[in-house]
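As structure tokens, the structure follows; a few thoughts come after it.
The values are calculated or read from the model by the stated rules, or taken from the named source; none is laboratory data. Just so you know, these numbers come straight off a predicted model, no measurement behind them. Note: ideal-geometry Cβ built from the backbone for every residue, glycine included; neighbour counts use all protein chains shown. Just so you know, the surface numbers come from the protein's heavy atoms only, side chains and all, with ligands and any DNA or RNA stripped out. Shrake-Rupley method; radii C 1.70, N 1.55, O 1.52, S 1.80 Å.
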Amino acid sequence: MQRNERFNSADRIIRVGFWINAVLMVFKMSAGHWGHSDAVFADGVESACDFVAILSTMIALRMGRLPFDEKHPYGHGRAESLSALLVAMVIFATGGWILVDAVHEVASRHFQSPGWIAVAAALVTILIKEWLYRFTHKTAAKLESPSLLAVAEDHRKDAISSIATLVGVTGAFFGIGIMDPLAAGLTALFILHIGYKTFRGAAHDLMDGNVPESYIAGVTRLAEGVEKVEHVHAIRARRSGQYVIIDLKLEMDPAMTVKESHDIAQQVKRMIFEKYPNVGDVMIHINPHEEKHEHLSRL
């Protein structure tokens, strides 16, 4: 998949989520107001908060598709990880707000009797948001886009919160008023957990955390399988948005000419690009085989 194809695909997914979320927001806030359900109205406000997350992702994708330049020699992919952090903050804030509101409702013993429209709104939200999660996550996993994965988790968060809303509103509809805030409080804990996972992943990428060991092992086997590559002396990789940047040290026969070693390194690079479509760049350093190497670094 070419660069423009990757970002065009991500753009399509995010725009679908944006407009569906807009319709759900209006529907849930209206249903909560006319159906006398604070839980459903709060669910609508939560969808309004999601606009911040989705809008930031749209901006991040627009920035991330810019090619590298003099000021950003590694490209602009980190904009996606920054967006994922913002999404995590929105998820945290939403979970915290729902939890505090639920505790306040239980403490005040102020329970309402919602109408059927509130129950219907919660059920419709569950179905649509779960579909949106699967729809978004499929492309996000394929592209390995941190911002899209964060938005997918946000859709799953909405589906989970709406399940609790449905349980609570249904219970309140049949006269058990306390079920509404209790269900909302349980939902808040799930939401906070999702926010933590999203934050942890984005922070890992921004801190130049290594990619999974299985990925490193696969690249190593591929490089060592190229003729005249004696050994992979060292390898490390970091994520920049949808792409992975690899630093690779290869050991070769010290009697080789610079031209020969360069051609082999280029072959290794081409093979990595062919097998791993999410690799953005591979920087290769050549070391003489079976000689001690001084590791010069201040990191």
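Residues 130, 105, 80: which one is open to solvent by less than 60 Å² (accessible area, probe 1.4 Å) and modelled with pLDDT of 85 or more? Walk me through it before giving the result.
Details: 105 fails: modelled with pLDDT of 85 or more; 80 fails: modelled with pLDDT of 85 or more.
Only one candidate qualifies: 130.
Cβ contacts < 6 Å: first residue part of a loop (DSSP other than H, G, I, E, B), restricted to segment 204-231; second residue not aliphatic (A, V, I, L, M), any location; separation 6+ or different chain. Result? If the second residue must be not aliphatic (A, V, I, L, M), the pairs left are 208/238; 226/267; 230/251; 230/289.
Residue 218 satisfies every condition listed in (1) at pLDDT 90 or above; (2) of a type in the set (Gly, Ala, Ser); (3) open to solvent by 70 Å² or more (accessible area, probe 1.4 Å) except (3).
Here the condition is being modelled with pLDDT under 75, among the hydrophobic types (A, V, I, L, M, F, W, C), part of a helix (DSSP H, G or I) and more than 18 Å from residue 20 (Cα to Cα); of 188, 183, it holds for 183 alone.
So which of 118, 122, 152, 164 is open to solvent by less than 50 Å² (accessible area, probe 1.4 Å), modelled with pLDDT of 85 or more and either assigned to a loop (DSSP other than H, G, I, E, B) or not charged (D, E, K, R) (or both)?
From the options 118, 122, 152, 164, the qualifying one is 152.
Residues that are under 15 Å from residue 222 (Cα atoms) and under 25 Å from the mean Cα position of the chain (by Cα) within segment 238-258 comprise 246, 247, listed in sequence order. Looking only at residues in segment 191-215 that are in contact with an Asp or Glu (Cβ under 8 Å, 6 or more places away or on another chain) and at pLDDT 80 or above, which one is most open to solvent (accessible area, probe 1.4 Å)? Here the residue is 197.
If you check residue 261 against the conditions, is it open to solvent by 40 Å² or more (accessible area, probe 1.4 Å), farther than 24 Å from residue 146 by Cβ and either in contact with an Asp or Glu (Cβ under 9 Å, 6 or more places away or on another chain) or without any contact (Cβ under 8 Å) to a residue 12 or more places away in the chain (or both)? Before you say what the answer is, go through the steps one by one.
Values: open to solvent by 40 Å² or more (accessible area, probe 1.4 Å): no; farther than 24 Å from residue 146 by Cβ: yes; either in contact with an Asp or Glu (Cβ under 9 Å, 6 or more places away or on another chain) or without any contact (Cβ under 8 Å) to a residue 12 or more places away in the chain (or both): yes.
It is false that residue 261 is open to solvent by 40 Å² or more (accessible area, probe 1.4 Å), farther than 24 Å from residue 146 by Cβ and either in contact with an Asp or Glu (Cβ under 9 Å, 6 or more places away or on another chain) or without any contact (Cβ under 8 Å) to a residue 12 or more places away in the chain (or both).
Scoring residue 71 on the criteria (1) part of a loop (DSSP other than H, G, I, E, B); (2) at pLDDT 80 or above; (3) under 30 Å from residue 275 (Cβ atoms) leaves a single failure, condition (3).
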